[in-house]
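Remarks on the structure that follows.
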Amino acid sequence: MSSPQSHERYSRQMLFAPVGAEGQRKLGASSVLIVGMGALGTVLANHMVRAGVGLVRFVDRDYVEASNLQRQMLYDEDDVRESMPKAMAAERKLKRINSSVRLEPVVADVTVENVERLLDGIEVVLDGTDNFQTRFLLNDACFKLGIPFVYGGAVGSRGMSAVFVPGATPCLRCLIQPGEGTAETCDRIGVLSPVVDISASYQAVEALKLLVGAVAVRRPTLISFDVWNNHHFEMKTGEPKPDCPTCGTREFPSLQQGAVDAASLCGRETVQLHVASSFDLTAWEERLSGLARVERNPFLLKAYLPEGERIVMFPDGRALVQGTEDPVRAKTLYARYIGM
Ligand SMILES: [Zn+2]
């Protein structure tokens, strides 16, 4: 962090007095986890890596598709052509941006089973997800382990963000009940690219404050805005609810539930099934090649089924059935070609 080269690299950030040389040193010794490397996650990772955060771990279960390029700023047409998993495509790009940051890409679904391992050694967790199921899981894991969680969301022309710090603020569950806020998704009503950047940038600046220890200026509000209709709201997050099952009674409901085996992914004609514990892609390529057109790279296998749907298989045992939103249809095809 103290070489002349790094001094030059971070000079504008260090000239900003509240960061300074000491803040820059703290950033270099700090660690963040970004969950979801879609629109929010790529903006978050870009900021964290350019700012010189020492360790940036990021996790995503999906791969890059053409419809991502409008707003997911780290990806390009090569990533689409190669069907790169988002975490790997992001690593390739981020390495070129700042080679001194330790990058830890993880291609996986965040589950009850792996969430605490992903949070190991992490100082701040940044929400880049697109669903409340994962957000509540992160919220509960963060409050159990005492790690700040910076929430962000964007849909249509609206965005929001808030900071949740165990022991100091309420948690996400105090503000939003499970089941609320899930009606609209980007895949149904769309999203404008600038909204995502604004939401993620609010998150990124709060992460920087947390990492340099600027407690006094931490945002005490849930901020929300509509950039198309020119609205801007802030609501004080207030005090934790004493009967909150996460930060009050510490039952952590999302850590109690079993993993969901079939979940429709954000309404974009994809169902995820996580039944197997692993897939040997080489073996599956051979097995399926007589039945379907098969494409494979080191990270995933895609089978174009004669029925019209596609099955995408990952080494960690996950499968995406694409071309349907119906979990029953997805399970039928899964059972037909893979077996369950
Ligand atoms: Zn709470």
field: Potential extension, Glu8-Ser277 segment - 0.36 nm per residue separation minus Cα distance
entry: 92.1 nm
query: Is there a pair in Lys209/Lys236; Lys86/Lys241; Lys86/Lys331; Lys93/Lys209; Lys26/Lys95; Lys86/Lys236 whose C-alpha atoms are over 28 Å apart, and which pairs would that be?
result: Lys86/Lys241; Lys86/Lys236
- line: GNM on the chain, Cα springs under 10 Å; top mean-square fluctuation among Met48, Met84, Met235 goes to Met235
query: Going by how many other beta carbons lie within 10 Å of each one, how would you line up Thr282, Thr134, Thr332, Thr246, fewest first?
result: Thr282, Thr332, Thr134, Thr246
task: Could you tell me whether the chain comes out rounded, prolate or oblate from its Cα gyration tensor? Rule is a ≥ b ≥ c as square roots of the eigenvalues, rounded for a/c under 1.5, then prolate if a/b exceeds b/c, otherwise oblate.
output: prolate
field: Share antiparallel - DSSP beta bridges, the chain, percent rounded to 5
entry: 70
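Subtracting the Cα-Cα distance from 0.36 nm times the residue separation, let me have the gained length for Gln177 to Ala29 in nm, one decimal.
Working: separation 148, 0.36 × 148 = 53.28 nm, distance 3.54 nm.
This chain segment gains 49.7 nm when fully extended.
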message: What FRET efficiency comes out for Thr332 versus Ala216 if R0 is 56 angstrom and r is the Cβ-Cβ distance? Round to the nearest 0.05.
response: 0.50
field: FRET efficiency estimate (nearest 0.05) - Cβ-Cβ, Asp243 to Ser100, R0 45 angstrom
entry: 0.45
- prompt: What residue among Ile311, Ile34, Ile97 shows peak mean-square fluctuation when the chain is described by a Gaussian network model with Cα springs under 10 Å?
  reply: Ile97
message: Only counting other Cβ atoms within 10 Å, I'd like Thr324, Thr129, Thr249 sorted with the fewest neighbours first.
response: Thr249, Thr324, Thr129
- line: Cβ density ranking, 10 Å radius, fewest first, applied to Asp76, Asp197, Asp140 yields Asp76, Asp197, Asp140
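Rg/Rh for region 124-251 to two decimals, with Rh computed the Kirkwood way over all alpha-carbon pairs. Before the final figure, lay out the partial values.
Numbers: Rg = 14.1 Å, Rh = 14.9 Å.
That ratio equals 0.95.
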- line: Candidates Phe279, Phe16, Phe132; GNM for the chain (alpha-carbon contacts under 10 Å) flags as most fluctuating Phe16
task: Decide, for region 190-340, between rounded, prolate and oblate: order the square roots of the alpha carbon gyration tensor eigenvalues as a ≥ b ≥ c, take rounded if a/c falls under 1.5, and otherwise choose prolate if a/b is larger than b/c, else oblate.
output: prolate
- request: Between beta-carbons, use under 9 Å as the cut-off and find the net charge around Lys144, counting Lys and Arg +1, Asp and Glu -1.
  value: -1
task: Report Rg (one decimal) and Dmax (nearest whole number) for region 262-337, counting Cα atoms only, units Å.
output: 11.3, 31
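None of the figures in this text is laboratory data; all of them are computed from the coordinates on show. Here the structure is a predicted model, which means the values were calculated and not measured. Cβ sites come from the backbone with ideal geometry, for glycine too, and all protein chains shown count toward neighbours.
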